[in-house]
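Undergrad: Supplied in structure tokens, the structure appears directly below.
The values are calculated or read from the model by the stated rules, or taken from the named source; none is laboratory data. All figures in this text were calculated on a predicted structure; none of them were measured in a lab. Cβ: placed from backbone, ideal geometry, glycine included. Neighbour counts: every protein chain shown. To get the accessible areas, we keep the full protein, side chains included, count just its heavy atoms, and leave off ligands, DNA and RNA. Shrake-Rupley method; radii C 1.70, N 1.55, O 1.52, S 1.80 Å.
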Amino acid sequence: MTEGAIIQLPQWLKTPAGEYLLAWEQRHLDQAVVDLFGFHALQLGLPELDALRANRMPHRWLAVESPPAKGDEAAALVDVEGAPSQIEKRAITLHCHFDALPFDAVSLDLVVLPHSLELARDPHLTLREVERVLVPEGRVIILGFNPASLWGTRQRLGRMKRRLGLGTERDLFLPRAGEFIGYRRLRDWLRLLSFEVESGRFGCYIPPVTSAKWLARFNWMEGAGDRWWPPFGALYYIVAVKRVRGMRLVGLVRDELRVKAVTTPAKVAATQRCAELETHGDGH
């Protein structure tokens with residue numbers, strides 16, 4: 001692999017560390033999306049990952065920002081998971097900018113952004129666009145690299161060495177493109193757009209090593225990291241729900257609340273009346 005290729009995300013994902021990352025993300029995304037219901041789901045970016053594989057919504061799209069080169073039909077098909085024994089071809093259905101999605105407002109039930117936000121040309125506009133297309137109570141799932149991790153620390157040191165003219169591209173452990181967004185910072189962005197964080201998780205606590213042999217040796221750190229230092233995983237994902245203030249409750253929920261509002265005061269009044277009668281009765 002050439003020096004320049006190792007810092008590009010598609011090529012980096014074929015390295016042992018990249019395959020380890022994809023396996024972790026695929027496993028946890030399958031758990032996160034399996035019980036999410038609706039009709040329309042969208043994955044933005046990272047076609048090497050099948051984020052909607054375990055979801056059962058009937059209409060699912062995969063969108064990328066960069067269309068395949070002219071005459072390169074094979075580029076429209078990508079490998080899933082990167083495992084040679086489990087290669088599956090997926091068709092890319094949309095080519096669009098993530099901050100200008102070709103969907104009507106309030107039309108999607110689920111949007112998944114696997115590293116798409118940190119690689120977007122404008123993360124704020126991309127997140128606003130996701131909020132626009134989601135239905136009320138729709139969900140967004142965002143995956144990203146954690147700057148406060150061993151992987152993030154090595155990446156910062158590599159960038160510092162390059163700025164000082166003391167290093168090369170190979171000093172960068174992660175892909176060069178994009179700016180990593182901290183977990184708490186992303187939660188603040190979501191809160192400003194009226195999203196409510198439903199769940200979140202960190203993972204990949206192993207050191208930033210490049211060989212499969214050392215990745216296997218440090219695999220014990222996954223269990224230890226979950227227990228002792230969860231905020232320092234190399235990756236995180238967030239599941240957030242779009243809340244809309246002032247929504248009117250309909251159907252059974254509204255009827256149940258109405259019944260409670262009517263019957264509760266009556267029960268209280270009846271109880272107070274019985275207490276008064278008992279008091280007067282004792283007086284006689």
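Undergrad: Applying the selection to the stretch 231-243, what residues are farther than 19 Å from Val111 by Cβ and either open to solvent by less than 50 Å² (accessible area, probe 1.4 Å) or assigned to a loop (DSSP other than H, G, I, E, B) (or both)? Don't jump to the end; show me each part of the working.
TA: Of the stretch 231-243, the ones farther than 19 Å from Val111 by Cβ are 231-234.
The answer is Gly233, Ala234.
Undergrad: With the structure loaded, tell me whether Asp282 is at pLDDT below 90, open to solvent by 90 Å² or more (accessible area, probe 1.4 Å) and more than 23 Å from Arg154 (Cβ to Cβ) or whether it fails that test. Step through it out loud before you land on a result.
TA: Working: at pLDDT below 90: yes; open to solvent by 90 Å² or more (accessible area, probe 1.4 Å): yes; more than 23 Å from Arg154 (Cβ to Cβ): yes.
Criteria met by Asp282.
Undergrad: Also: Any idea which residue in the stretch 3-35 is surrounded by the fewest Cβ atoms within 10 Å (Cβ to Cβ), counting only those that are modelled with pLDDT of 85 or more and charged (D, E, K, R)?
TA: Asp35
Undergrad: I'd like to verify a number: residues in the stretch 201-235 that are in contact (Cβ under 8 Å) with a residue 40 or more places away in the chain and either farther than 21 Å from Pro114 by Cα or among the hydrophobic types (A, V, I, L, M, F, W, C) (or both), how many?
TA: Going through the stretch 201-235 one residue at a time, the tally reaches 12.
Undergrad: Filter the stretch 60-72 down to the residues that are over 15 Å from Pro10 (Cβ atoms) and modelled with pLDDT under 90, then identify the one that is most open to solvent (accessible area, probe 1.4 Å). Let's see the steps before the verdict.
TA: Step one: of the stretch 60-72, the residues over 15 Å from Pro10 (Cβ atoms) are 60-61, 63, 70-71.
Filter once more, so that each one left must be modelled with pLDDT under 90: 70-71.
Details: Lys70: 207, Gly71: 63 Å².
Top of the filtered list is Lys70.
Undergrad: Among the residues of the stretch 190-214, count how many are surrounded by fewer than 17 Cβ atoms within 10 Å (Cβ to Cβ), out of contact with any Lys or Arg (no Cβ under 6 Å at 6 or more places or on another chain) and not in a loop (DSSP other than H, G, I, E, B).
TA: Summing the residues that are surrounded by fewer than 17 Cβ atoms within 10 Å (Cβ to Cβ), out of contact with any Lys or Arg (no Cβ under 6 Å at 6 or more places or on another chain) and not in a loop (DSSP other than H, G, I, E, B) in the stretch 190-214 gives 9.
Undergrad: Across the stretch 36-59, what is the total count of residues that are buried (at least 17 other Cβ atoms within 10 Å of the Cβ) and outside any loop (DSSP other than H, G, I, E, B)?
TA: Residues of the stretch 36-59 that are buried (at least 17 other Cβ atoms within 10 Å of the Cβ), as a first pass: 36, 38, 40-53, 55, 57.
Keeping just the survivors that are outside any loop (DSSP other than H, G, I, E, B) gives 40-44.
The number of residues fulfilling the criteria is 5.
Undergrad: With the condition kept exactly as written, say whether any residue in the stretch 115-134 is over 22 Å from Glu48 (Cα atoms), open to solvent by less than 70 Å² (accessible area, probe 1.4 Å), at pLDDT 95 or above and assigned to a strand (DSSP E or B).
TA: yes
Undergrad: While we're on this one: Hey, among the residues in the stretch 135-157 that are of a type outside the set (S, T, N, Q) and either without any contact (Cβ under 8 Å) to a residue 60 or more places away in the chain or at positive phi (or both), which one's most open to solvent (accessible area, probe 1.4 Å)? Can you show your working first?
TA: The initial filter retains those residues of the stretch 135-157 that are of a type outside the set (S, T, N, Q), namely 135-145, 147-148, 150-152, 154, 156-157.
Narrowing the set further to residues that are either without any contact (Cβ under 8 Å) to a residue 60 or more places away in the chain or at positive phi (or both) leaves 137, 147, 154, 156-157.
Numbers: Glu137: 79, Pro147: 32, Arg154: 81, Arg156: 117, Leu157: 96 Å².
Restricting to residues being of a type outside the set (S, T, N, Q) and either without any contact (Cβ under 8 Å) to a residue 60 or more places away in the chain or at positive phi (or both), the top hit is Arg156.
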